[in-house]
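Peer 1: Take this structure first; my questions come after.
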Amino acid sequence: MSDEWNGLADTIAGHARNYLDGLTRLARGEGGDAMLPLLLMEVAQVSLAGAQLGASQDVILSGNYEPPLSEDPDLDEIRTALAERLGPVDDYAEVFDPYKDTGVTAYRLSDDLTAVAADLVHGMRHHQAGRPLEALWWWQYSYFNTWGNHAGAAMRALQALVAHTRLDVVDERTTV
């Protein structure tokens, strides 16, 4: 494996680790009133990693085979905690594929954020096992197949929420 692939794998692993750590902290309640802008930042930063994967040439595994891993950890506790913290803003509407499926679909931020985490965890497990090429292959494949869509949808929803909190304010004119 080339140094270029190793470097990219380490970069993506760093983004994945940061996202997973940040998401876990926010699910626990850290961040307080800044939860939405902090989630927006986490999703935007991990989306940069996805863009790097999308701009890279295709990662092809020898024999086109992913070595098996034991079952990935269950992230339902994080998903449930996020759903509770997000409350009424957890549900939103999204167009799944603006070119093929233009119907509006119901989404949940907690599901999207956790789906991204699940794909990143799977790749991290390859990376931690000393298989950076397999990690890159998984991250790239799952970026195009699942987590890229979930991250993009979540980023649009979070950006709208943050914008509403900043722009939908009461007229604050002072009287003299």
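The values are calculated or read from the model by the stated rules, or taken from the named source; none is laboratory data. Treat the numbers as computed from the prediction; the structure is a model and nothing was measured. Glycine gets a Cβ as well: all are built from the backbone with ideal geometry, and neighbour counts include every protein chain shown. Areas reflect the complete protein model, heavy atoms only, side chains present, ligands, DNA and RNA absent. Shrake-Rupley method; radii C 1.70, N 1.55, O 1.52, S 1.80 Å.
Peer 1: Quick one: check the C-alpha center-to-center distance for segment 1-58 versus segment 103-138, whole angstrom.
Peer 2: Value for the Cα centre distance between the two parts: 10 Å.
Peer 1: Please label the shape of segment 12-52 as rounded, prolate or oblate, based on the square roots a ≥ b ≥ c of the eigenvalues of the alpha-carbon gyration tensor (a/c under 1.5 means rounded; beyond that, a/b larger than b/c means prolate, else oblate).
Peer 2: Oblate.
Peer 1: Then there is this: When only DSSP loop residues count, what chymotrypsin sites (Phe, Trp or Tyr not before Pro) in segment 65-120 have their Cβ near at most 14 other Cβ atoms within 10 Å?
Peer 2: Tyr65, Tyr99
Peer 1: How big is the chain along each principal axis, measuring the range of its Cα positions in Å and listing the largest first?
Peer 2: 73, 37, 30
Peer 1: Can you give me the distance in nm between label points at Ala55 and Asp97, each placed 7 Å from the Cα along the Cα-to-Cβ direction?
Peer 2: Going from the Ala55 label point to the Asp97 one covers 2.6 nm.
Peer 1: On to the next question. Once neighbouring chains are kept in place and the probe is 1.4 Å, which whole percent of the accessible area of segment 50-95 is contributed by carbon and sulfur?
Peer 2: Roughly 48 percent, rounded to a whole number.
Peer 1: Related question: Of all the accessible heavy-atom surface of segment 130-171, with the other protein chains kept in place and a 1.4 Å probe, what percent is carbon and sulfur?
Peer 2: Solvent-exposed carbon and sulfur of segment 130-171 make up 60 percent of the total.
Peer 1: I would also like to ask the following. For segment 51-115, what is the accessible area per residue in Å² when the probe is 1.4 Å?
Peer 2: 67
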